[in-house]
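Structure first, commentary second.
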Amino acid sequence: MAMVEAKQSERKAVIIPAYIKALSGSVGGVVEASCLQPMDVIKTRLQLDRTGTYKGILHCGTTTVKTEGVRALWKGLTPFATHLTLKYALRMGSNAVIQSAFKDANTGKISNGGRFASGFGAGVTEALLIVTPFEVVKIRLQQQKGLSQELLKYKGPIHCARLIIREEGLRGLWSGAVPTVMRNGTSQAVMFTSKSTFDGLFWSKHEGDGKVLQPWQSMISGFLAGIAGPVCTGPFDVVKTRLMAQARSGGAFRYTGVFHAISTIYSEEGVRALWKGILPRLMLIPPGQAIVWGLADQVIGFYERNYIHNNNKNNMLAS
């Protein structure tokens with residue numbers, strides 16, 4: 001009887017390696033970047049618009065195409081795609097590593113509290129190591145208007161990064177790090193917890209059980225999990241964008257920090273300005289999460305089915 005219970009515990013204590021989750025995230029990141037870059041450009045332009053130049057998403061998009069051409073909607077794609085690929089690899093991998101500290105040693109299960117903490121830790125990690133410097137470069141490129149390369153301050157991602165370091169020091173690449181940490185930590189805590197909850201609620205899927213969801217099932221769970229984050233973290237995202245976009249002008253920055261930026265935006269533009277770009281974010285993040293999880297779950301499911309449960313079956317037959 002004791003041997004049977006031990007075997008059941010072994011079957012329950014399924015661990016998916018962090019590198020598999022990192023791989024699954026990077027695959028999803030490449031596809032997401034290619035599909036959703038135009039909406040990210042529009043979101044950035046709306047958040048930086050302090051004069052009411054753009055009347056909304058459609059007006060911003062059509063104005064950009066009319067004045068700069070269709071290619072302008074993919075400005076900053078190189079840093080965006082690289083950033084997403086590395087970000088999702090680090091997010092998924094670090095989340096798996098942190099989760100291992102919260103998992104029950106016998107059952108391999110993790111509580112919602114442990115999942116929330118792991119997601120927060122993964123969000124903070126990606127924000128500091130990947131997201132902040134890549135988004136600084138991306139936003140500086142996206143805010144530039146015009147077609148002529150000669151008239152643009154930043155000629156490309158590498159030139160942009162070098163110029164920021166030369167003019168503002170290495171710390172310039174981490175402008176807006178504090179609100180980015182706040183945004184990403186909260187977003188990923190909510191996202192990982194919600195995704196697991198929706199998988200269990202809708203599809204009776206639990207990590208490590210060998211069940212592989214259909215892509216459309218993963219996309220529904222991912223889409224719903226991606227809604228809460230933007231609503232909760234809207235002000236942090238606006239402040240992050242403003243801090244990242246500002247370059248030294250006359251030796252001083254317009255915004256000196258997170259709280260100064262929030263108070264300045266509120267006093268000059270009103271409370272609604274702290275949620276500028278929320279609609280394109282909702283058009284960007286939930287579909288992005290749907291794409292990422294639709295692909296990531298297939299990679300993880302393939303590993304579960306072929307390398308974990310097949311081995312378990314073979315071990316059981318051998319015993």
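Simple spin-label estimate for Glu68 and Tyr266 gives 3.1 nm between the two label positions (7 Å along the Cα-to-Cβ direction from each Cα). At full extension, Leu170 and Gln214 could sit 11.4 nm farther apart than now, given 0.36 nm per residue minus the alpha carbon distance. Residues considered: Gly52, Gly25, Gly108. Largest GNM mean-square fluctuation over the chain, using C-alpha springs under 10 Å, is found at Gly52. Ligands, DNA and RNA left out, the 1.4 Å accessible surface of the chain is 64% carbon and sulfur atoms. Take every pair of alpha-carbon atoms less than 8 Å apart whose residues are at least six positions apart; their mean separation over the length of the chain yields a relative contact order of 25 percent.
Distance from the Cα centroid of the stretch 204-252 to that of the stretch 139-184 is 22 Å (rounded to whole angstrom). Computed from the Cβ-Cβ distance with R0 of 25 Å, the FRET efficiency linking Ala247 to Cys35 stands at 0.25. Computed over the stretch 92-248, the percent of Cα pairs more than 23 Å apart is 49. What the chain shows is 48 Å² of accessible area per residue, with the surface traced by a 1.4 Å probe over protein heavy atoms.
Quick one: which of Lys43/Lys195; Lys66/Lys145; Lys138/Lys240; Lys87/Lys153; Lys66/Lys240; Lys55/Lys153 span more than 21 angstrom between C-alpha atoms?
Values: Lys43/Lys195 25 Å; Lys66/Lys145 12 Å; Lys138/Lys240 13 Å; Lys87/Lys153 27 Å; Lys66/Lys240 28 Å; Lys55/Lys153 26 Å.
Lys43/Lys195; Lys87/Lys153; Lys66/Lys240; Lys55/Lys153, as the Cα separations exceed 21 Å there.
Remark: the Leu128-Ser111 segment gains 3.5 nm on full extension, using 0.36 nm per residue and subtracting the alpha carbon distance.
Applying 1/(1 + (r/R0)^6) with R0 = 30 Å to the Cβ-Cβ distance of Lys145 and Cys232, what FRET efficiency is obtained, to the nearest 0.05? Could you put the intermediate results ahead of the total?
Details: r = 31 Å, r/R0 = 1.03.
Between Lys145 and Cys232 the formula returns 0.45.
One quarter of the convex hull surface, Cα atoms only: what value does that give for the chain in nm²?
Working: hull surface 71.3 nm².
Its average projected convex-hull area is 17.8 nm².
Comparing Val258, Val137, Val65 in a Gaussian network model of the chain, where Cα atoms under 10 Å apart are tied by springs, the biggest mean-square fluctuation is seen for Val65.
The values are calculated or read from the model by the stated rules, or taken from the named source; none is laboratory data. Note that the structure is predicted; figures quoted are calculated from it, not measured. Because the Cβ atoms are built from the backbone with ideal geometry, glycine has one as well, and the counts that use them run over all protein chains shown. Heads up: the accessible areas ignore ligands, DNA and RNA and are worked out on the full protein's heavy atoms, side chains in. Shrake-Rupley method; radii C 1.70, N 1.55, O 1.52, S 1.80 Å.
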